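The values are calculated or read from the model by the stated rules, or taken from the named source; none is laboratory data. The structure displayed is predicted, hence computed values, not measured ones. Positions of Cβ are backbone-derived with ideal geometry, glycine not excepted, and every protein chain shown enters the neighbour counts. For the accessible areas, the whole protein counts, side chains as well, though only heavy atoms, and no ligand, DNA or RNA atoms are used. Shrake-Rupley method; radii C 1.70, N 1.55, O 1.52, S 1.80 Å.
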Amino acid sequence: MSAIAATVRAVVRDRDARRLALVRLATQFGDGMVQAALGGVVLFDPARAADPLTIAAGFAVLLLPYSLVGPVAGVALDRLDRRAVLIGAGLAKTALIVLATVLLLVDASTTAVLVTALVLVGISRFVLAGMSAALPRVVATDALVPTNSALVTLGAVTAAAGAAVATTVLALAGPTGVPAAVATAVSALGAVVAALLARRFPAGRLGPAGNRTAERGDAGGIVGVGRGVATGLRTVVATPTVRSALLGVGAHRVVFGIDTVVTILVLRDAAATERATVLPVGIAGFGLAVTATATGLFVAALTTPVLRPRLGARRLTASALVLAAVVQGALVITLEPDLLVVGAFVLGVAGQTVKLSADAALQTDVDDRRRGRVFALQDTVFNAAFVAAVAAVAVAFGPVSTASGAVALVAVGVGAALYLVAAVIVASSPVTRPAPPIDESSTTSPTLAPPRRGPADPDPDGVP
């Protein structure tokens, strides 16, 4: 733990690393608030009465479109000044939050609210991918794993704190338009603060490496975008550590999607039937489950940097997946609200361990000139796996808006089996970490750990 504390202190003392951390925290606090506020209205407002199919449609609108364009966005992250991306995204999110606030105040349709939320979440995922790709530009290579563990987890905990604030407001005042509008409006502060902080970075400080003047002329072309996406895919296929990391992330997100639908239905059922429980139910219970998950993320931030050097990335990821399978089959399958919260905590630990290991693999084993595209691909896996799972479970439930019956038990059991299958595949994956292949048109070898302030590298896609 002392090594982690020393690394965090070093980051705090470094101006650029500290500033990038604050951008992340401000962004994710606002994201947590606005997503919880909008989600609370859609999922828990009795007047809207969302059944499983509506829940699935909501998540699809929120996440799937960005998953489809994520690889293309990754090309932009490797061609545009990431500082400019962060500033522009903060301003765009502020405008959209104002629009969402107005829609809630006038009691607009669920579709209008979700479409606005769609664009907000899409921009947020774009920003997080950009910040992850930029981290190796401001942090030394040997400090990437503990630093990333701290920042990703603190960001997730901060997002959960924002969500907790919003859900508390909704639990006290009711999940209706006006309370949700207040929480949504306050969330704009996160986007504004993030944009102001990002503006203080020097131009080009966050990368990407290379001659962006030449790259910008090609970035908008279909051939350039297609070639950039292909480069990201080839990098993933050719790098075993990245390949297995994305498999683990995808498996966890599928099960997380299953559990999300089941948890929402169980908590709504318990609130409607006034079921005897120790912990709160309804939207307050959902907020507690989010908090439990965030606590698990924090624990993973402390343990992952310690365990990863001792076990290795492959064994650590496989062990986390096995732990998740045990929790899924022992706690989640009971469908008891109190045990679901306990399960949320342990799955938070396991899932974040898998995610932190994946981030470390992408940051250390992928060249800076391709890193934005690969992180965008990870975001695509992150979102598409979740949405696919939510959609599959919703179709299985059909119009039934309760979690009782065999469907929920089978869904949870499938999740446990999926965790085990992923653990076996990850455990048997190669240990070697070959460098990503160079595009045929490039003559420069990739550098897995570029200097923090070194000269610009040539473009990997062969742009003159």
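Convex hull volume of the Cα atoms of region 252-339, normalised per residue: 93 Å³. Of the listed residues 189, 114, the order by accessible area with a 1.4 Å probe, largest first, is 189, 114. Ordered by 1.4 Å accessible area with all protein chains kept, 97, 87 run largest first as 87, 97.
Send over a whole-number figure in Å² for the accessible area per residue of region 280-352, probe 1.4 Å. In whole numbers, region 280-352 has 38 Å² accessible per residue. Percent of Cα pairs in region 285-378 per distance bin of 5 Å, from zero to the largest separation: 3, 14, 20, 19, 17, 13, 8, 4, 2, 0. Per-peptide packing, taken as the mean over residues of other Cβ atoms within 10 Å, places 154-161, 295-302 in the sequence 154-161, 295-302 from highest down.
For the peptides 103-110, 126-133, 415-422, what is the packing order when you average, over each peptide's residues, the other Cβ atoms within 10 Å and list the highest mean first?
Values: 103-110: 16.1, 126-133: 25.6, 415-422: 20.4.
Answer by packing, highest mean first, reads 126-133, 415-422, 103-110.
Across all C-alpha atoms in region 294-341, the radius of gyration and Dmax reach 12.9, 37 Å. Peptides 13-23, 247-257 ranked from most to least packed, by the mean per-residue count of other Cβ atoms within 10 Å: 247-257, 13-23.
Please list log₁₀ I(q)/I(0) at q = 0.12 Å⁻¹ for region 74-215, using the Debye equation with identical point scatterers on the alpha-carbon positions. Those come out to -0.58, one per q. Distance from the alpha carbon centroid of region 95-146 to that of region 170-204 works out to 10 angstrom.
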